[in-house]
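The values are calculated or read from the model by the stated rules, or taken from the named source; none is laboratory data. All values derive from a computational prediction rather than experimental measurement. As a convention, Cβ positions derive from the backbone with ideal geometry for all residues, glycine included, and neighbour counts pool all protein chains shown. The area values use the complete protein model at the heavy-atom level, side chains included, leaving out ligands, DNA and RNA. Shrake-Rupley method; radii C 1.70, N 1.55, O 1.52, S 1.80 Å.
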Amino acid sequence: MTQSAVSQSIGHLEESLGVQLIDRSTRPLVLTDAGKTYLRGLRGVLRSYERLEQEVRSISKQLSGQITVGTIYSVGLSYMPEATDAFARLHPEVNVKMEFGSSQRVVEMVTEGEVDFGLVSFPQNTKQIQSVMWQQEPMRIICSAKHPLASQNEVTLSQLMGIEMVGFERTLTLRQEIDRCLAKAGVSVNVRMEFDNADSMIRAIQASRGIGIVPEAAVRRETANGSLRVVACRELRMVRPLGIIFRRSGRLSGAAHEFGSLLLGRPIDPGKRSKSGSGGKAAVEGAGGDFRSEPSVVA
C-alpha cells in the first residue's frame, strides 16, 4: 500500500470509531492511549482467531499453525532452542514463535492474549493469570576467567564481603531474594552495575572481568567455553522458581497444549491449575536435594 492509502485507511478507521488513534503532532508518529488500547484488543482478537483455526485443524490429529510463547530472556535463551527443536521433530507443521520481554511484559502479553502462554520466574497467580510450577533453577556465583576468584575451587559467602559485583536491578524479585540471602549471612557487597535480565549481566561480567550471582542454566555456554567460571559455594543454597503462566479466561489450542506438555514433562491439566496463591520466594535447597525437582502445581 502507498503511504497515502495507509493514511486514508487510518483516517476512515478513526472516523468510524470516533477517536484519534495516532498522534500526528510528533515525529515519529506515536499511538494515542485509545490507539494503544485498540491495538492490544485487536491482537487479542487475532490470537483468539488463530487458536480457533488451530483447534479446528487439530480435529484431524495433524497439528499445524503457529504457537507464540512469551518468555523472559534467560529462559528463552537457555531452554527454548532445545525445546523447539524437539517439538519440531514431533510436529513439523507447527511453527513456534518466541516473544521476549521482562517478567512484567510477559504477564501483560498473556493477559492481553498476545501469546498462548508465558514462561517467567517467580510466577504469580492473579485474577487473570494461572500458573504451573515448571522447575527450580539453582543460583550460582560466576566470575570472569580473569577474576581473582576464578582460581579458587570454593569460597564462603563471607569472602564476598565488600566485593564489587554485577547485579540484577533492585526492583526485580530475584535481586531482592539475592540481597536477602546475603544479608542473612551478614554479607554486604558493592553492586556497581545493574541489569534487568541475566543475558545483559553475563555480557557485563565478561566485559568487566567481574562477578555476579545468576541462574546456572543461563551460563552453560560460557562455562563450557571457559569464558566464565562457576565458583562453588556451599552456603549459597538458593533456587529460582520458573513457571508456565496461562490466561484464566483463555483456552489453549491443541498445538499450544502439546508444546506446554512437552516443556512440563507431563500433560497440562487445566482443571488442576491453582486458583490462588503465588510462585512464592526463591527456595532454599534441601540438603542433598535435586535442583530440578519434579514440576508441581503452584499452591
Hits in region 204-221 - residues which are in contact (Cβ under 8 Å) with a residue 40 or more places away in the chain and open to solvent by less than 50 Å² (accessible area, probe 1.4 Å): Ile205, Gly210, Ile211, Gly212, Ile213, Val214, Pro215, Ala217, Ala218, Val219
Test Phe195 against the stated conditions and say whether it is among the hydrophobic types (A, V, I, L, M, F, W, C) and either modelled with pLDDT under 90 or in contact with a strand residue (DSSP E or B) (Cβ under 6 Å, 6 or more places away or on another chain) (or both). no
Within region 82-96, count every residue that is open to solvent by 70 Å² or more (accessible area, probe 1.4 Å) and either over 18 Å from Leu264 (Cα atoms) or not charged (D, E, K, R) (or both). 4
Which numbered condition trips up Gly76, out of (1) part of a helix (DSSP H, G or I); (2) open to solvent by less than 30 Å² (accessible area, probe 1.4 Å); (3) out of contact with any Phe, Trp or Tyr (no Cβ under 7 Å at 6 or more places or on another chain)? (3)
Name the pairs: first residue in region 29-43 and within 21 Å of Ser7 (Cβ to Cβ) and outside any helix (DSSP H, G or I), second residue open to solvent by 70 Å² or more (accessible area, probe 1.4 Å) and modelled with pLDDT of 90 or more, Cβ to Cβ under 6 Å, at least 6 apart or on different chains? Thr32/Gln20
Complete set of residues in region 156-194 that are in a strand (DSSP E or B), closer than 20 Å to Lys146 by Cβ and open to solvent by 50 Å² or more (accessible area, probe 1.4 Å): Glu164, Asn190, Arg192, Met193
Could you tell me whether Val69 is outside any helix (DSSP H, G or I) and surrounded by 18 or more Cβ atoms within 10 Å (Cβ to Cβ)? yes
